[in-house]
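Written out below as structure tokens is the structure these notes cover.
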Amino acid sequence: MIRLQNIEKVYRTDTIETLALNSVTLDVAKGEFLSIMGPSGCGKSTLLNIMGLLDAPSRGMIQIADKKTDNLSDKQLAQFRNKTLGFIFQSYHLINDLQVLDNVELPLLYRDTTAKERRMLATEALEKVGLSNRIKHFPTQLSGGQRQRVAIARAIVGKPDIILADEPTGNLDSAMGNEIMDILINLNRNEGTTIVMVTHDENMAHKTHRLVRLFDGSQVQ
Ligand code: ADP
Ligand code: ADP
């Protein structure tokens, strides 16, 4: 589902060059739940951003959902990303002055959908994360765990093949973190969604199918 070959990423400014990824080669199978761990600054977010086609590698080959993406125009890339990938972040990234339902509908605005379809799909996604009773709330009226569930609903509303999660339980206590993990595990099992998750938490990582460790931009295993 995701194929990375010899991915190198160099960040260049006027004065500094940082080798953030050094020849990373990684295959993620369809239906796999993979976690990525490693110390701060080792390149985890860079790797996830490259997998999410948010950032281009300096060198190497990427294939997402059997498609080579390096020849796509910006517009085609945005469309492909919107259809294929769902993103979840540590700090939720919800829009605070939109109600829960409207937040979840957002990714569908870039697709050919009617208001009625958007409402239906968003309602369905919120049911899957157990938040049907909060659709008219604003994000600031919710707990951290509930906000993350809204973010998951937004990530899955368009039924993406792949979910990329950057420290999804990082701001939550362990009870809420476990709830979020259970939702991701069920999503992976029941819908076959491929998930790649960056985490600092060994317990969470051990619940996934496979763990890849990074150190200084290189894979350790
Ligand atoms: P992690 O997510 O594991 O904490 P990152 O992928 O954020 O690591 O960063 C990897 C390395 O790349 C770090 O050394 C960081 O300082 C550097 N880096 C990240 N983003 C940039 C950027 N936009 N410009 C320059 N250097 C960056
Ligand atoms: P933090 O928790 O430190 O705020 P996140 O995990 O939320 O970091 O974000 C990780 C990366 O995703 C960042 O490099 C950021 O630029 C990028 N990002 C943040 N929000 C979005 C978004 N809505 N769509 C795409 N990329 C985003």
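Since only Thr140, Asn178, Ala125 are under comparison, the one whose Cα sits farthest along the positive direction of the charge dipole of the chain, derived from C-beta charges on Lys, Arg, Asp and Glu, is Ala125.
Could you look at the chain and say what percent of its accessible area is carbon and sulfur, using a 1.4 Å probe and all protein chains? Carbon-and-sulfur percentage of accessible area, whole number: 46.
Based on the Kirkwood radius over alpha-carbon pairs, what is the Stokes-Einstein translational diffusion coefficient of segment 62-121 at 25 °C with 0.890 mPa s viscosity, in µm²/s? Before the final figure, lay out each step's value.
Values: Rh = 13.5 Å.
My calculation gives 182 µm²/s for D.
Sorting the segments 37-44, 72-79 by their mean number of nearby beta carbons within 10 angstrom, highest to lowest, gives 37-44, 72-79.
Percent of Cα-Cα pairs more than 20 Å apart in segment 1-84, please. Beyond 20 Å sits 35 percent of the P(r) for segment 1-84.
Set the Cα radius of gyration of the chain against 2.2 N^0.38 Å, with N its number of residues, and you get 1.01.
Per residue, the convex hull spanned by the alpha carbons of segment 124-213 comes to 94 Å³.
Write down the percent of antiparallel bridges among all DSSP beta bridges whose residues are both part of segment 2-219, to the nearest 5. Here the share of antiparallel DSSP bridges comes out near 50 percent. Magnitude of the charge dipole for the chain, about its Cα centre and with charges confined to Cβ atoms of Lys, Arg (+1) and Asp, Glu (-1), is about 520 debye.
The values are calculated or read from the model by the stated rules, or taken from the named source; none is laboratory data. Everything numeric in this text was worked out from a predicted model, so none of it was measured. Methodologically, a virtual Cβ is constructed for each residue, glycine included, from the backbone with ideal geometry; neighbour enumeration extends over all protein chains shown. Side chains are part of the model used for accessible areas, which takes the heavy atoms of the whole protein and leaves out ligands, DNA and RNA. Shrake-Rupley method; radii C 1.70, N 1.55, O 1.52, S 1.80 Å.
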